[in-house]
Amino acid sequence: MKFQKGDYVTRNSYNNDTVFKIINIKENICYLKGKNVRLYADSDILDLAPAKISSEDNFEDSIDDLEILDRSSYFYMPPKIMQLDGDKEYLTRCLNFYKKYNLFAIGKVVKEEELGKKIENYLSTYNPDILIITGHDAFYSKKGNKNNINNYRNSKYFCEAVKKARQYEKNNEKLIIIAGACQSDYEELLKCGANFASSPKRINIHALDPAIIATTIALTEKGKSIDLIETLNKTKYGSNGIGGIKCNGLMYVGYPRWLIQLKEVYKSI
């Protein structure tokens, strides 16, 4: 069968377990990006099969227990979210997810290797309450040792960025950091100062998993502890894909409502 750029496919040698989009073809090699998981791969074109789109592709539609801010007599001041992502397509999906829940989010496409150089400037410019540092990663399992940061594609860059972010704001309740991508060095990211990180079992994570964690925290009233296990279970692969430490919500709730647009409130923060 003839394939072309933009087609959705699966790999026969991996039991067709993951849907990819073909992003490039050179000779008989197809370069692939996960449709939903933050994963790059390549494959012989003869190993590919047309993808059968399943309910997994509508994972975000199955998340029905997050509260959408309403127009009640109360007013809400959600935290400011900033997401630095190495993948523009996944970042756009996350920004649309935040928008669905009426949350204010800033998104910047930053290559993983440039995160450490740029993060301090972004933090000082936008002063977020929740910071997501993500993109693509991979654990080179053939090298064996999962405790060696050099056995990961981009974990060292995520760790560098987390360290600098935590130096900028040492209090992990004032700046919530969610970091990592598919198969990232979970333990090292937490040691560097992340509140949440992937991936405890070194598995792939869904493109929206970091956004789900951030949204849950943003929609939880300030001072109220989030249910850690329940929050992790909202993600596609649960605690196998993302883990973290207990924290409180960051949403201010006030009364009575006043006639100021939310964007005007942010200008004063």
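The values are calculated or read from the model by the stated rules, or taken from the named source; none is laboratory data. Nothing here was measured: the structure is a model prediction, and the numbers come from that model. Glycine also receives a Cβ, built like all others from the backbone with ideal geometry; neighbour counts cover every protein chain displayed. Calculation scope for accessible area: heavy atoms of the full protein, side chains included, ligands and nucleic acids excluded. Shrake-Rupley method; radii C 1.70, N 1.55, O 1.52, S 1.80 Å.
Observations on the structure shown:
- Sorted largest first, the spans of the alpha carbon positions of segment 170-231 along the three principal axes are 32, 25, 17 Å.
- Sequence ranges 239-250, 145-156, 128-139, 207-218, ranked by mean other-Cβ count within 10 angstrom, highest first: 207-218, 128-139, 239-250, 145-156
- Listed residue (Cys182, Gly223, Ala211) projecting farthest to the positive dipole end of segment 141-234, Cβ model: Cys182
- Segment 90-171 - Rg and Dmax from Cα coordinates, angstrom: 14.6, 44
- Rounded to the nearest 10 degrees, the angle from helix 155-168 to the longest Cα principal axis of the chain is 10 degrees.
- With Cα atoms, 0 to 90° folded angle of helix 115-126 axis to the chain main axis: 30
- Computed with every protein chain present, the accessible area of Arg257 is close to 80 Å² [probe 1.4 Å].
- Per residue, the convex hull around the alpha carbon atoms of segment 123-269 comes to 112 Å³.
- Between 0 and 90°, nearest 10: helix 88-100 axis offset from the chain longest Cα axis: 40
- Projected onto planes of every orientation and averaged, the convex hull of the alpha-carbon atoms in the chain covers 15.0 nm².
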